[in-house]
Amino acid sequence: MSLLSLSLTLLFVFVPFILSKTLNLHLERDIIIATVRSVVQLFAIGYVLQFIFEAESFLFISLMIVFMLTVATLNARKKGKGIKGITWKIALTLTTVEVFTQGILLGFKIVPATPQYIIPISGMLIGNAMVITILFLNRFKSEMAASEDQIELILSLGGTPKQAIHKQLLESIKTSTIPTIEAQKTIGLVQLPGMMSGQIIGGADPVQAVQFQILIIFGLLSCAALSSIILGFLIYPTFFNNRMQKLVWKE
């Protein structure tokens, strides 16, 4: 793709900009910032990846993955403000998901142990896990607020914190995982996923591209389940004190 062709894609940016201006949505500034940041960040990471791919150093691969985990953790923790130890709990969740999925992929030699495979796949898995943790935290806060009286009743009748919050915890896990499951039901019919489309555009055999995409969607499903479950069981005890009394949520 030439620079001229790339610049013409700004037409897609002008559409929401003009609509925002016309309808007084006041999104113009955000659209401009998002556009500039996306271009700068993508070109920057492109040059970084080019360097890492050429170096083929395990140290650089590890540093890149740590960087992605750090950014994902810092972004997701915003939704967990007020939860004790939320930063390290999200970091542990994302790291566990990454180690588990990459351990299977590399341990069984499903993909080669090269930066061209490890980094892009890690990015997709960590990114999906980050989104799931955000969805889970949003839902869990809502469930806690809506069921405060019910939780207090169970505790007053001698129930443990785990029993009092069991229903809300499971509902939050289920709700945060559903989008990933539903997306997979229509994959290939309604949408052609990014990795598959990119490989096909790059000239790869469509069947080979499909095989790699299947690898990714199965990994994403595992990420969705693990992320919400691990984080859920890590954070729910922080809502209760040593006397098994519910603490007040503080944003």
- line: T73 passes all but one of the listed conditions (1) within 24 Å of L125 (Cβ to Cβ); (2) not in a helix (DSSP H, G or I); the exception is number (2)
- prompt: open to solvent by 30 Å² or more (accessible area, probe 1.4 Å), at pLDDT below 85, under 30 Å from P112 (Cα atoms) and not in a helix (DSSP H, G or I) - does that describe any residue in segment 206-215?
  reply: no
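Looking at the structure I just gave you, is I118 over 23 Å from T70 (Cα atoms), open to solvent by less than 20 Å² (accessible area, probe 1.4 Å) and assigned to a helix (DSSP H, G or I)? Show your work before the answer.
On the way: over 23 Å from T70 (Cα atoms): no; open to solvent by less than 20 Å² (accessible area, probe 1.4 Å): yes; assigned to a helix (DSSP H, G or I): yes.
It is false that I118 is over 23 Å from T70 (Cα atoms), open to solvent by less than 20 Å² (accessible area, probe 1.4 Å) and assigned to a helix (DSSP H, G or I).
Can you name every residue in segment 52-70 that is in contact with a helix residue (DSSP H, G or I) (Cβ under 7 Å, 6 or more places away or on another chain) and part of a helix (DSSP H, G or I)?
First, the residues of segment 52-70 that are in contact with a helix residue (DSSP H, G or I) (Cβ under 7 Å, 6 or more places away or on another chain): 52-53, 56, 60-61, 64-65, 68-69.
Those that are in contact with a helix residue (DSSP H, G or I) (Cβ under 7 Å, 6 or more places away or on another chain) and part of a helix (DSSP H, G or I): I52, F53, F60, I61, M64, I65, M68, L69.
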- prompt: Any residue in segment 187-196 that is in contact with a Pro (Cβ under 7 Å, 6 or more places away or on another chain), β-branched (V, I, T) and within 19 Å of S222 (Cβ to Cβ)?
  reply: yes
- prompt: Taking only pairs six or more apart or across chains, which ones have beta-carbon atoms under 8 Å, a first residue in segment 225-243 that is surrounded by 15 or more Cβ atoms within 10 Å (Cβ to Cβ), and a second residue that is charged (D, E, K, R) and part of a helix (DSSP H, G or I)?
  reply: L231/K89; L234/K89; I235/K89; Y236/K162
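Got a sec? Which of L49, L19, L25 is under 18 Å from G123 (Cβ atoms) and either assigned to a helix (DSSP H, G or I) or not charged (D, E, K, R) (or both)? Spell out how you get there, then give the answer.
Numbers: L19 fails: under 18 Å from G123 (Cβ atoms); L25 fails: under 18 Å from G123 (Cβ atoms).
It is L49.
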statement: Selection from segment 63-81 of residues surrounded by fewer than 19 Cβ atoms within 10 Å (Cβ to Cβ) and either more than 20 Å from S227 (Cβ to Cβ) or without any contact (Cβ under 8 Å) to a residue 40 or more places away in the chain (or both) yields L63, V66, F67, T70, V71, L74, K78
message: For the structure I just gave you, tell me whether E143 is surrounded by 18 or more Cβ atoms within 10 Å (Cβ to Cβ), of a type in the set (D, E) and in a helix (DSSP H, G or I).
response: yes
- line: Taking segment 26-62 and keeping only residues that are surrounded by 13 or more Cβ atoms within 10 Å (Cβ to Cβ) and either within 23 Å of P115 (Cβ to Cβ) or in contact with a Lys or Arg (Cβ under 8 Å, 6 or more places away or on another chain) (or both), one is left with E28, I45, V48, L49, I52, F53, F60, I61
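Looking at Q102, Q163, which one is polar (S, T, N, Q), part of a helix (DSSP H, G or I), open to solvent by 30 Å² or more (accessible area, probe 1.4 Å) and at negative phi?
Working: Q102 fails: open to solvent by 30 Å² or more (accessible area, probe 1.4 Å).
Being polar (S, T, N, Q), part of a helix (DSSP H, G or I), open to solvent by 30 Å² or more (accessible area, probe 1.4 Å) and at negative phi holds for just one of Q102, Q163, which is Q163.
The values are calculated or read from the model by the stated rules, or taken from the named source; none is laboratory data. On a predicted model such as this, the values are computed, not experimentally measured, just so you know. For neighbour counting, all protein chains shown are included, and Cβ atoms are generated from backbone atoms with ideal geometry for every residue, glycine included. With ligands, DNA and RNA removed, areas are computed over all heavy atoms of the protein, side chains included. Shrake-Rupley method; radii C 1.70, N 1.55, O 1.52, S 1.80 Å.
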